[in-house]
1. Give me the extension gain from residue 10 to residue 45: residue separation times 0.36 nm, minus the current Cα-Cα distance, reported in nm with one decimal.
2. Mind checking the per residue accessible area of segment 189-314 for me, 1.4 Å probe, whole number of Å²?
3. What is the packing order of peptides 25-34, 279-288, 56-65, 171-180, taking the mean over residues of other C-beta atoms within 10 Å and listing the highest first?
4. Rank by packing, highest mean first: peptides 150-158, 13-21, with packing defined as the count of other Cβ atoms within 10 Å averaged across residues.
5. Residue by residue, what Karplus-based ³J(HN,Hα) values in Hz, rounded to whole numbers, does segment 55-65 have, using 6.51, -1.76 and 1.60 with θ = phi - 60° and x for Gly and Pro?
6. Just to verify a number: FRET efficiency for residue 182 and residue 277, C-beta to C-beta distance, R0 = 35 Å, to 0.05?
7. Over the chain, with every protein chain in place, what whole percent of the accessible area is carbon and sulfur at 1.4 Å, could you tell me?
8. Could you work out how much longer the chain between residue 301 and residue 57 gets when fully extended? Use 0.36 nm per residue separation minus the Cα distance between them, nm to one decimal.
Amino acid sequence: MNPFSYARPETVDEALRLGSQPGARYIGGGTNLLDLVKAGVEQPQFLVDVSRLPLAEVAALPDGGLRLGAMISNTDAANHPLVRERYPLLAQALLSGASGQLRNMATVGGNLLQRTRCHYFYDTGFPACNKRKPGSGCGARDGINRIHAILGASEQCIAVHPSDMCVALAALEAVVVVRDTTGERRIPIADFHCLPGNTPQIDTTLAPGELVVAVDLPPSPYAAHACYLKVRDRASFAFALVSVAAALELSGNTVRSARLALGGVAHKPWRVPAAEQALAGRPLTALSAASAARLLLAGAQPFEHNAFKVGLAERAVVRALQVANRPPGGSP
Ligand code: SF4
């Protein structure tokens, strides 16, 4: 591990000043970055510890939405009464991630910035990984690619984003609030994560020195009918093979509007507006759910070991929609 400097500022302004220095990286709970540093994948020269900043509040917004401070832990976010009441989809997604111990350390801001769990990315002894070493190739394309993308991949990289939280945030159309020394910027979650394209080393649209300070959730009509369904190799402490955030706004038994986002299938949470629109204006049925699932998976291009994800994701979408469609408090 390379030597690095370390500072733990007490104020956001001081953190931003330190974070704007060349080679600086912010560290919150450290549940991903420390692994990357220990593996030699990341070699920061200067770690700016933002874990003690006063950014761990959950605050109701005047419009009926909710602001989550970036430093609130995943555990505290998932268990906050207003999150559970207004955004149960987010609470479910958070509680499906990692383990209790990790959720106690991991922050909302850090969860947004998780890097892929592609095995080739973490193995610095393996030469070909464009995300770790641009221009070196992609070991996964012709290697073991069971956990990799089926949507939105590129010649350069077929990695997936590992977060559960972000899939729910995508369905809820959250806004990421970031700051640097010049001011504040608001980034819709759909524009926060990047597809790999020709620059797979870039995961987000954050500029150097920018710090995530909060996530804003708009008012949601989806609290009563939402389901986060995660399919994985074991029941806990495993990343999603596929996951679905499904939310319905119902009028009687008619779907007024729907939100669907997929995880585990692309370099960012995957949404297709046409799939959501196809559900609106009629009751949810097995046929309409299957039709929406096909639209969501349209254009899927699996690789040698992950063709199973296409059918798995379609079935998971149907299942998540059926669970979301049940009366509140209905049995699973
Ligand atoms: Fe690297 Fe992306 Fe290829 Fe994995 S999929 S080996 S992260 S370039």
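The values are calculated or read from the model by the stated rules, or taken from the named source; none is laboratory data. All figures in this text were calculated on a predicted structure; none of them were measured in a lab. Quick reminder, even Gly has a Cβ in these numbers, built from the backbone with ideal geometry, and neighbours come from all protein chains shown. Please note that ligands, DNA and RNA were not included when accessible areas were found on the heavy atoms of the full protein model with its side chains. Shrake-Rupley method; radii C 1.70, N 1.55, O 1.52, S 1.80 Å.
1. On the way: separation 35, 0.36 × 35 = 12.60 nm, distance 2.02 nm.
This chain segment gains 10.6 nm when fully extended.
2. Numbers: 5140 Å² over 126 residues.
Accessible area per residue: 41 Å².
3. Numbers: 25-34: 20.2, 279-288: 14.8, 56-65: 12.4, 171-180: 22.6.
Listed from highest to lowest mean packing, they are 171-180, 25-34, 279-288, 56-65.
4. Values: 150-158: 22.3, 13-21: 17.7.
My ranking of the peptides, most packed first, is 150-158, 13-21.
5. 10, 10, 8, 10, 10, 5, 8, x, 7, x, x
6. On the way: r = 39 Å, r/R0 = 1.10.
Efficiency computed from Cβ-Cβ geometry: 0.35.
7. Details: 7660 of 14460 Å².
Of all accessible area on the chain, carbon and sulfur atoms account for 53 percent.
8. Full extension from residue 301 to residue 57 adds 83.7 nm.
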